[in-house]
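Worksheet for the structure shown next.
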Amino acid sequence: MIYQRSSALFAEAEKYIPGGVNSPVRAFKSVGGTPVFIERAKGAYLYDADGNRLIDYIASWGPMILGHAHEPVIRAVTEKAEKGTSFGMPTETETEIARLAVSMVPNIDKIRFVNSGTEACMSAVRLARGYTDREKIIKFSGCYHGHSDAFLIQAGSGAVTFGSPNSPGVTQGTAKDTLLATYNDLESVKALFEANKNEIAAIIIEPVAGNMGCILPAEGFLQGLRSLCDQYGALLIFDEVMTGFRLARGGAQEVFDIKADIVTFGKVIGGGLPVGAFASRNEIMNHLAPLGPVYQAGTLSGNPLAMSAGLAMLSELNNSPEIFKSLEEKTEYLHKGIARVLTKHGITHRINRMGSMISIHFTDKEVKDFTSSATGNNDSFKKFFHGMLNEGIHLPPSAFESWFLNDALSYEDLDFTINAVDKIAMSL
Ligand code: PLP
């Protein structure tokens, strides 16, 4: 495949946009080369500026679970746009999507919409602090909850990819209130609670991590966090920005049958437009302004276009829950096919998978936390990534990112992908 025009467009972008991109991981820095510039997308495919067709396993980093330019979503947005793009006053669509989300997700009474996953997690933590009157939070190394200051402490994916897990610009004062635990290690969490009695407002966690590759919670881990939160009077925040409306209608809470106190959303909930949300039971949500003292706001929050895209997306998922099963079956098929081929070529690897999230690690270690994820051989990943791109397959350009499958992928696409791995495996 030729990526000439993309390279030229990137060179031009670099003149005016820092690093040529508006979100760092897009820049291909950890794998080398220049990013592919996309012109349009439909279903499982991206069409780039050089006229290449690529099979997409990024799904815009999660939102496009039904494939690109999904007809009902496009129709909803187009019809809405005709009526105006933003009013700064309430619309009925906001209530419609809120009602639907509350009916799909367990343990929530109310939901507030914002513009990104970052905002959702930032607001959830503020709410937890306001509700508990405590200041510290626990997060896990390698988990990413957006780019707000409190979370840029050993954050996964983008931050790790660039070798700066702790970003300059985050003050010591902020950093000291974020306590770090190890994913899948309950003892590390318990030790923090013991050392900070009555000071911890909340634990925030990706219930299935997707920002250090895809990492599954060990048996009993999430339940253990629930018990520790109950024991020490802290709230449990599930960051379901990736897992929400992707693993199941009710997200990870439903899959693992664990009650979180606050849940955050992003990605799928906006149908590809900029949306985030956070939700909880009445008792906690009533602390938010204008009902309560915890302030949170947004000029474009609940934007009519974004809400209509999200509503169309959630309606489809709600009406056709078999989509989740179909996605899981496709992901399992891909997993087995790639594992078969890599094993045939004698390539050491681990594949982690949950629902339609999957990642490949070139390591012989079990990948269960940030440290083990970082044992992956990045040279092999780079070759794998570029080999696959050359075959017309678009993967996340970092070993620390999960792939997201979309339901428009056909079994022919999956076979094509597995064959591509077979073709390039010799060079890894
Ligand atoms: N939380 C998780 C688990 C994420 O994966 C992300 C983004 O990838 C975020 C929060 C931040 O969302 P956004 O990029 O929409 O701000």
Residue match in the range 273-280 (condition: at pLDDT 95 or above, assigned to a loop (DSSP other than H, G, I, E, B), within 25 Å of K83 (Cβ to Cβ) and not basic (K, R)): yes
Test: residue in the range 120-127 that is within 16 Å of the ligand (Cβ to nearest atom) and over 19 Å from the mean Cα position of the chain (by Cα): yes
Members of the range 191-217 that are of a type in the set (G, A, S), within 16 Å of the ligand (Cβ to nearest atom) and either out of contact with any Gly (no Cβ under 9 Å at 6 or more places or on another chain) or part of a loop (DSSP other than H, G, I, E, B) (or both): A202, G210, G213
Set A49, A13: member being small (G, A, S) and more than 30 Å from L334 (Cα to Cα): A13
Test: M1 is part of a loop (DSSP other than H, G, I, E, B), touching a His at 6+ places or on another chain (Cβ under 9 Å) and of a type in the set (A, V, I, L, M, F, W, C): no
L327, sole failed condition from (1) touching a helix residue (DSSP H, G or I) at 6+ places or on another chain (Cβ under 9 Å); (2) in contact (Cβ under 8 Å) with a residue 60 or more places away in the chain; (3) crowded, with 22+ Cβ neighbours inside 10 Å: (1)
Qualifying residue in the range 323-337 (condition: in contact with an Asp or Glu (Cβ under 7 Å, 6 or more places away or on another chain) and among the charged types (D, E, K, R)): no
Answer residue from the range 218-239, given it is touching a residue at least 40 places away in the same chain (Cβ under 8 Å) and not in a strand (DSSP E or B) and is nearest to the chain's Cα centre (by Cα) among those: A218
Condition met for S60 (under 20 Å from the mean Cα position of the chain (by Cα), surrounded by fewer than 20 Cβ atoms within 10 Å (Cβ to Cβ) and outside any strand (DSSP E or B)): yes
Some residue of the range 254-272 being within 16 Å of the ligand (Cβ to nearest atom), touching a helix residue (DSSP H, G or I) at 6+ places or on another chain (Cβ under 6 Å) and of a type in the set (S, T, N, Q): yes
Index of the failed condition, S301 passing every other in (1) within 16 Å of the ligand (Cβ to nearest atom); (2) under 18 Å from I111 (Cα atoms); (3) crowded, with 24+ Cβ neighbours inside 10 Å: (3)
Failed item in (1) under 24 Å from E283 (Cα atoms); (2) within 13 Å of the ligand (Cβ to nearest atom), with F151 passing the rest: (1)
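Okay, residues lined up against (1) part of a helix (DSSP H, G or I); (2) of a type in the set (V, I, T):
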| residue | (1), (2) |
| --- | --- |
| F87 | no, no |
| I97 | yes, yes |
| S103 | yes, no |
| I111 | no, yes |
| T118 | yes, yes |
| C121 | yes, no |
| A124 | yes, no |
| R129 | yes, no |
| R134 | no, no |
Residue match in the range 60-74 (condition: away from the ligand (no atom under 12 Å from the Cβ) and more than 30 Å from K330 (Cβ to Cβ)): no
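The values are calculated or read from the model by the stated rules, or taken from the named source; none is laboratory data. Remember, it's a predicted structure, so these values are computed and weren't measured experimentally. Neighbour counts are summed over all protein chains in view; Cβ atoms, including those assigned to glycine, are modelled from backbone coordinates with ideal geometry.
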